[in-house]
There are 2 protein chains.
Amino acid sequence: MTAVNNKFDHGHEPWQTRGMKQPVQQRTLKTRARLLAAAEEVVQAQGFEALRVDQVVVRAGVAKGTFFAHFTDKDALMSQLIGARINAALDGIEARPTPRDVDQIVQALLPLMALLTRERYVFDVFLRHSGAALAEEIGPIAETIGRFQEVLERWLDGAPVRRDVSVAVLAEGIQAFLIQVIAMHFCALHSDIDMPTRLDPYLRAWLLPPA
Amino acid sequence: MTAVNNKFDHGHEPWQTRGMKQPVQQRTLKTRARLLAAAEEVVQAQGFEALRVDQVVVRAGVAKGTFFAHFTDKDALMSQLIGARINAALDGIEARPTPRDVDQIVQALLPLMALLTRERYVFDVFLRHSGAALAEEIGPIAETIGRFQEVLERWLDGAPVRRDVSVAVLAEGIQAFLIQVIAMHFCALHSDIDMPTRLDPYLRAWLLPPA
DNA sequence: GCTCAAAAGTGACCGCGGTCAATAACAAAT
DNA sequence: ATTTGTTATTGACCGCGGTCACTTTTGAGC
């Protein structure tokens, strides 16, 4: 289980490099699939925070050590699961018409906010992995952030926003405000206002030139 | 150790409420001081990330249970220690002349950035507590954020920045960008550029009206 | 089929954060 | 000095993430 180390496996390599050494055994794929399915079941039943590796392992019918042969640590599993959900959310977002103004942008971001707001733990994992954890490896969550950036840039390209700043910077700013607003949502003092309402003025001030 | 539960003790109550029930014993203060001193020593020697509760406890000469009678969990201790450092940094920042433009603001923020950049772990703890952890209790770190907000607002009041947005929102935006930039610093892909250089364009775009 | 080296899987074990029933230290009242 | 109710301290214990020396399985070459 070194050739398939998840450090470089983000979940969809056909792995046709059978020339070198030994190929991947089907067993491996099965086991990993079982682990992921088991994890998904647990999350479905009890949420992300309550997930225990032991539980996943027993549901998958493997030993504990096997788990850590497939995922460097529990966070790597979480990154997979949460990354998948973020990707699903982005799919949904991209399937809808391109937002054309600030209001529509805020509306379009709702699914993402809902996802990251559901559990504090999810948001924590997201933050921890948003900066690509440690050098070299880019995890699933970090990938979704790259994708998110691209989506935002595409939106901004065809939207009536300020042009004195590059689209890339504008998009990064949106991400910064999004995170800020979500963090505030978890703050005891500010959890009364709903997030879209809070996000709106930031994006308006950030994207639109002052009158 | 319920009346002095750290949930409500941020480190500097004289606790003159001796009328109700039982007063605080001097023993308590001594023990807490010893724990904090021991923790500080450990951090000094090995950094925040490497700190182990057992080590702190043995250095302080108390039992493990005592630690958790004084701090709800390890993070609470961290919040104290890191909060103290942030406050020290803010003291230094406030002691210097008020920055008058974006460049000076970025410069003034350097100590804070240095603090939060030194250890990834510190930044993680900061993020975790910046939203006041859980309802009701406001921890030391959350307090420093409030203070930081005030400092920023004071700066912006007398600075040549856009006025179409409230000073409060502008200040919160600065915080959002600061966090964004620090997060990027820990990202494998973007760690080559230094932070002031990166922060500058954001703040410029955020604070100054487009030409 | 048989061989054999590499890959996959196992589970006892460890480190560390956190708990709690029991105990000791304290201070006020008698 | 003794009792009494409260507060502070203790340390054995637990849960859970993670490790690793060892066993089992696999499949390419014979």
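The values are calculated or read from the model by the stated rules, or taken from the named source; none is laboratory data. The model shown is predicted, which means the values in this text are computed figures rather than measured ones. With ideal geometry, Cβ positions are generated from the backbone for all residues, glycine too; neighbour counts draw on all protein chains shown. Quick note on the areas: whole protein, heavy atoms, side chains included, nothing else; ligands and nucleic acids left out. Shrake-Rupley method; radii C 1.70, N 1.55, O 1.52, S 1.80 Å.
Write down the Kirkwood hydrodynamic radius of the stretch B:82-211, to one decimal in angstroms, obtained as one divided by the mean of 1/r over all alpha carbon pairs. Across the stretch B:82-211, the inverse of the average 1/r is 15.2 Å. Can you compute the label reach from A:Glu137? Point 7 Å from Cα along the Cβ direction, backbone N cut-off under 19 Å, restricted to the stretch A:68-89. Hits in the stretch A:68-89 for A:Glu137 at 19 Å: A:68-85. A 1.4 Å probe run over the protein chains yields, for the stretch A:74-207, 40 Å² of accessible area per residue, whole-number rounding. Taken over the stretch B:22-123, the percentage of Cα pairs per 10 Å bin, counting from 0 up to the bin with the maximum distance, is 14, 38, 26, 16, 6, 0. What does the charge dipole of the stretch B:67-211 about its Cα centre add up to, to the nearest 20 debye, if the Cβ of each Lys and Arg holds +1 and the Cβ of each Asp and Glu holds -1? It works out to roughly 240 debye. Note on B:Leu189 and A:Lys74: their simple-model spin labels are 2.9 nm apart, each label 7 Å out from Cα toward Cβ. Using the Cα gyration tensor of the stretch B:79-151, with a ≥ b ≥ c the square roots of its eigenvalues, what is the shape: rounded (a/c below 1.5), prolate (a/b larger than b/c) or oblate (neither)? Prolate, since a/c reaches 1.5 and a/b exceeds b/c.
Rounded to the nearest 0.05, the FRET efficiency derived from the C-beta distance between A:Gln104 and B:Arg52 at R0 = 60 Å is 0.75.
Under the definition of Cα pairs under 8 Å and six or more residues apart, what whole-number percent is the relative contact order of the stretch B:130-189? Could you put the intermediate results ahead of the total?
Details: 20 pairs, mean separation 13.5, N = 60.
RCO, the stretch B:130-189: 22 percent.
Report the residues of the stretch B:94-128 in range of a label on B:Ala168: point 7 Å along Cα→C-beta, backbone N strictly under 16 Å from it. From the stretch B:94-128, the list is empty. Rounded to the nearest whole Hz, the Karplus-based 3J(HN,Hα) values (6.51 cos²θ - 1.76 cosθ + 1.60, θ = phi - 60°) of the stretch A:154-160 follow the sequence 4, 4, 5, 3, x, 10, x, with x at glycine and proline.
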